[in-house]
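Chemist: Can you read through this structure? Questions will come right after.
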Amino acid sequence: MAGSTHRIVRISTLSRQQHRVAQTREVACTKIVLPQVIARGLNITEVAHDYQATIKQYVQQLGMVNSYDTWHGTKNVAKQLRHICADTVRTRDRKWFTELSDKSRCTKVHLYWYMRN
(Lines give C-alpha, C1' and ligand atoms only; values in the text may rest on other atoms or scores of the structure.)
Protein backbone atom coordinates (compact mmCIF):
# COMPACT_ATOMS: atom_id res chain seq x y z
CA MET A 1 0.00 0.00 0.00
CA ALA A 2 1.33 3.41 -0.90
CA GLY A 3 1.75 5.52 2.23
CA SER A 4 0.74 8.87 0.76
CA THR A 5 -2.19 7.71 -1.38
CA HIS A 6 -3.35 4.73 0.70
CA ARG A 7 -3.89 2.74 -2.48
CA ILE A 8 -2.91 -0.84 -3.07
CA VAL A 9 -0.22 -0.87 -5.76
CA ARG A 10 0.27 -4.62 -6.24
CA ILE A 11 -1.19 -7.88 -4.98
CA SER A 12 -0.07 -11.49 -5.13
CA THR A 13 -2.09 -14.55 -4.21
CA LEU A 14 -0.74 -18.03 -3.58
CA SER A 15 -2.82 -21.07 -2.74
CA ARG A 16 -2.33 -23.56 0.05
CA GLN A 17 -1.44 -26.14 -2.57
CA GLN A 18 1.56 -24.02 -3.57
CA HIS A 19 2.67 -23.27 0.00
CA ARG A 20 1.08 -25.17 2.87
CA VAL A 21 2.37 -22.91 5.66
CA ALA A 22 1.16 -19.29 5.93
CA GLN A 23 4.67 -18.02 6.73
CA THR A 24 6.14 -19.45 3.53
CA ARG A 25 3.26 -17.92 1.55
CA GLU A 26 4.08 -14.52 3.02
CA VAL A 27 7.76 -14.88 2.11
CA ALA A 28 6.92 -16.03 -1.42
CA CYS A 29 4.42 -13.21 -1.98
CA THR A 30 6.91 -10.64 -0.71
CA LYS A 31 9.56 -11.92 -3.10
CA ILE A 32 7.05 -11.69 -5.97
CA VAL A 33 5.52 -8.30 -5.17
CA LEU A 34 8.55 -6.22 -4.15
CA PRO A 35 10.45 -6.58 -7.45
CA GLN A 36 7.25 -5.80 -9.38
CA VAL A 37 6.63 -2.63 -7.38
CA ILE A 38 10.26 -1.53 -7.68
CA ALA A 39 10.11 -2.14 -11.45
CA ARG A 40 7.17 0.29 -11.64
CA GLY A 41 9.50 2.99 -10.35
CA LEU A 42 8.02 3.34 -6.88
CA ASN A 43 10.48 4.31 -4.17
CA ILE A 44 10.07 1.85 -1.32
CA THR A 45 11.92 2.80 1.82
CA GLU A 46 10.29 0.57 4.44
CA VAL A 47 8.55 -2.82 4.50
CA ALA A 48 6.29 -3.87 7.42
CA HIS A 49 5.40 -7.53 7.83
CA ASP A 50 4.72 -10.30 10.31
CA TYR A 51 7.71 -11.46 12.32
CA GLN A 52 9.59 -13.33 9.57
CA ALA A 53 13.39 -13.58 9.68
CA THR A 54 13.53 -14.55 5.98
CA ILE A 55 11.64 -11.42 4.93
CA LYS A 56 13.79 -9.30 7.23
CA GLN A 57 16.96 -10.57 5.52
CA TYR A 58 15.46 -10.10 2.05
CA VAL A 59 14.33 -6.54 2.80
CA GLN A 60 17.73 -5.62 4.24
CA GLN A 61 19.48 -7.08 1.16
CA LEU A 62 17.40 -4.69 -0.95
CA GLY A 63 18.56 -1.79 1.22
CA MET A 64 15.17 -1.07 2.76
CA VAL A 65 14.15 -0.53 6.37
CA ASN A 66 12.60 -3.58 8.02
CA SER A 67 9.63 -3.10 10.36
CA TYR A 68 7.35 -5.54 12.03
CA ASP A 69 3.60 -5.16 11.86
CA THR A 70 2.36 -3.18 14.88
CA TRP A 71 -0.45 -5.66 15.52
CA HIS A 72 2.00 -8.55 15.86
CA GLY A 73 4.36 -6.51 18.02
CA THR A 74 1.67 -5.53 20.49
CA LYS A 75 0.13 -9.02 20.42
CA ASN A 76 3.43 -10.47 21.61
CA VAL A 77 3.70 -7.91 24.41
CA ALA A 78 0.18 -8.72 25.59
CA LYS A 79 0.98 -12.42 25.49
CA GLN A 80 4.03 -11.87 27.69
CA LEU A 81 2.03 -9.67 30.05
CA ARG A 82 -0.54 -12.42 30.54
CA HIS A 83 2.21 -14.58 32.01
CA ILE A 84 2.82 -12.09 34.79
CA CYS A 85 -0.86 -11.19 35.21
CA ALA A 86 -2.30 -14.63 35.96
CA ASP A 87 -1.29 -18.15 36.89
CA THR A 88 -2.09 -20.64 39.61
CA VAL A 89 -3.07 -19.53 43.11
CA ARG A 90 0.05 -21.24 44.46
CA THR A 91 2.39 -18.90 42.53
CA ARG A 92 0.49 -15.66 43.28
CA ASP A 93 2.77 -12.78 44.36
CA ARG A 94 5.85 -14.74 43.28
CA LYS A 95 5.40 -15.32 39.53
CA TRP A 96 2.35 -13.15 38.91
CA PHE A 97 0.53 -10.29 40.57
CA THR A 98 -3.22 -9.71 40.94
CA GLU A 99 -2.73 -5.93 40.62
CA LEU A 100 -1.77 -6.46 36.97
CA SER A 101 -4.64 -8.78 36.05
CA ASP A 102 -6.67 -6.07 34.30
CA LYS A 103 -3.72 -4.27 32.67
CA SER A 104 -2.89 -6.57 29.75
CA ARG A 105 -5.46 -5.28 27.26
CA CYS A 106 -5.09 -1.57 28.03
CA THR A 107 -1.28 -1.88 27.87
CA LYS A 108 -1.58 -3.58 24.48
CA VAL A 109 -3.82 -0.78 23.16
CA HIS A 110 -1.50 1.88 24.56
CA LEU A 111 1.55 0.30 22.92
CA TYR A 112 -0.28 -0.05 19.60
CA TRP A 113 -1.13 3.65 19.45
CA TYR A 114 2.31 4.60 20.74
CA MET A 115 3.88 2.65 17.85
CA ARG A 116 1.46 4.20 15.33
CA ASN A 117 2.32 7.79 16.33
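The values are calculated or read from the model by the stated rules, or taken from the named source; none is laboratory data. Predicted model, so just to flag it, every value in this text is computed and none were measured. No Cβ is skipped: glycine too gets one built from the backbone with ideal geometry, and neighbour counts run over all protein chains shown. The protein model used for the area step is the full one, side chains on, heavy atoms only, and it has no ligands, DNA or RNA in it. Shrake-Rupley method; radii C 1.70, N 1.55, O 1.52, S 1.80 Å.
Chemist: How many residues are of a type in the set (K, R) and either open to solvent by less than 60 Å² (accessible area, probe 1.4 Å) or farther than 30 Å from D102 by Cβ (or both) if we restrict to region 47-78?
Modeler: So in region 47-78, the residues of a type in the set (K, R) come out as 56, 75.
Next cut, either open to solvent by less than 60 Å² (accessible area, probe 1.4 Å) or farther than 30 Å from D102 by Cβ (or both) only: 56.
Final tally of qualifying residues: 1.
Chemist: Moving to a separate point now. Residue by residue through region 47-76, note down the ones that are at pLDDT below 85 and more than 12 Å from the chain's Cα centre (by Cα).
Modeler: Matches in region 47-76: V65 only.
Chemist: On to the next question. For the subset of region 20-46 comprising residues that are basic (K, R) and surrounded by fewer than 15 Cβ atoms within 10 Å (Cβ to Cβ), which member is farthest from the chain's Cα centre (by Cα)? Before you say what the answer is, go through the steps one by one.
Modeler: So in region 20-46, the residues basic (K, R) come out as 20, 25, 31, 40.
Adding the requirement that they be surrounded by fewer than 15 Cβ atoms within 10 Å (Cβ to Cβ) leaves 20, 31, 40.
Numbers: R20: 20, K31: 17, R40: 26 Å.
The qualifying residue farthest from the chain's Cα centre (by Cα) is R40.
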